[in-house]
Amino acid sequence: MSTRRIGPFSVPAVSLGCMNLSHAYGAPPPPEAAERLLRRALELGVTMFDTAALYGFGTNETLVGRVLKPHRDQIVLASKGGMAGVRFDDGVKRVIDGGPEAIRRNCEDSLKRLQTEVIDLYYLHRWDKSVPIEDSVGAMADLVREGKVRALGLSEVSAATLRRAHAVHPIVAVQSEYSLWSRNVEIAVLQACRDIGAALVGFSPTARAFLTGTLRDVTVLDAKDIRRGMPRFYPDHYARNLELLDSYARIAQDAGCSMAQLAIAWVLSRGEHVIALPGTTQIAHLEEDLGAADVELGADVLQRLDTLINRDTVTGARYNPATQAEIDTEEFA
């Protein structure tokens, strides 16, 4: 499998996001099915696995830690803190807390769940805007000095925040949503990553299944599926976005690949410092996604894609206003 760089690590150009196995898209698969998928990923040459304290309020890290522990010296293990589940009297709730004490607590908890002494790549999952980014990254840098973390990353930040953080401690990766229909990183973050030598790790490269062509009816989504709260998946917006898919399917056919592979290959075409991070619960989809690393897209195909699906042709915002207010990415006007 072709590889790309994240700081000191060489990782597959198409790596694996593990969130889907425990979080966000309705009922997760049974543990045994999730374990089979992780083992199959290892067999296929995946060596970077991405998780977070938030996913399943720790259950995803527990799963990943248990299954991958025997292979720990062969993989790059990425996780995230600064946003995690906190127990209150009325249950566990998601809390964004970038304070030094919370970051240290999140990391210590993650190390235990992952059954490892060190996390290779540790991201700040969200910038807590009540805490200077310098303070949050300073706390993360302490974890590096203590040998609990090897390298640092940020998630969903602006170029300005990235540069402020990088001045405190080298940032080797920025993880943000990136696909044909989510292209905000192209405003400034993509270039800023290139300038400082960081990787851009693009999650949801298939546009949360839109670009796979398998999700034609959003009314079938589970009641707890996070896409139900995303404006571009609202039925009225989604109906208009579906009008793009027939032409997109023809481009995939002309390129000799599946629709999912076309989406992932497009992300990889954005630069040698870009890594695609799809997630799935299905082994067949995993195998399909990883095959995108071998798809080469000509200039004509790239032009057709850019013309068809872009910020002017997609209907609906990426996040609802409440969620958008929590993140720090530049937004198109």
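No lab work stands behind these numbers, since they all come straight from the coordinates. On a predicted model such as this, the values are computed, not experimentally measured, just so you know. Backbone-built Cβ (ideal geometry, glycine too); neighbour counts: all protein chains shown.
List of remarks:
- Counted as qualifying within the stretch 44-160 are the strands (runs of 3 or more DSSP E) with 3 or more residues that are within 21 Å of the chain's Cα centre (by Cα), closer than 28 Å to Glu331 by Cα and hydrophobic (A, V, I, L, M, F, W, C), namely 149-155.
- Qualifying positions in the stretch 276-315 - of a type in the set (Gly, Ala, Ser), surrounded by fewer than 17 Cβ atoms within 10 Å (Cβ to Cβ) and under 23 Å from Asn20 (Cβ atoms): Ala284
- Residue list for the stretch 20-33, filter: in contact (Cβ under 8 Å) with a residue 60 or more places away in the chain and buried (at least 21 other Cβ atoms within 10 Å of the Cβ): Asn20, Leu21
- Residues in the stretch 216-238 that are surrounded by 12 or more Cβ atoms within 10 Å (Cβ to Cβ), hydrophobic (A, V, I, L, M, F, W, C) and over 20 Å from the mean Cα position of the chain (by Cα): Val218, Leu221.
- Residue match in the stretch 163-174 (condition: under 19 Å from Thr62 (Cβ atoms), outside any helix (DSSP H, G or I) and touching a residue at least 60 places away in the same chain (Cβ under 8 Å)): no
- Selection within the stretch 71-107: residues that are of a type in the set (A, V, I, L, M, F, W, C) and touching a residue at least 60 places away in the same chain (Cβ under 8 Å). The member of this set that is surrounded by the most Cβ atoms within 10 Å (Cβ to Cβ) is Ala78.
- Residue in the stretch 120-131 that is without any contact (Cβ under 8 Å) to a residue 40 or more places away in the chain and surrounded by fewer than 17 Cβ atoms within 10 Å (Cβ to Cβ) present: yes
- Checking each residue of the stretch 142-155 against the condition of being out of contact with any strand residue (DSSP E or B) (no Cβ under 7 Å at 6 or more places or on another chain) and without any contact (Cβ under 8 Å) to a residue 24 or more places away in the chain gives at least one match.
- Among the residues of the stretch 1-13, those identified as within 17 Å of the chain's Cα centre (by Cα) and either basic (Lys, Arg) or under 14 Å from Leu42 (Cβ atoms) (or both) are Arg4, Arg5, Val11, Pro12.
- Breaking point among (1) among the charged types (D, E, K, R); (2) closer than 30 Å to Arg36 by Cα; (3) out of contact with any strand residue (DSSP E or B) (no Cβ under 8 Å at 6 or more places or on another chain), for Asp89: (2)
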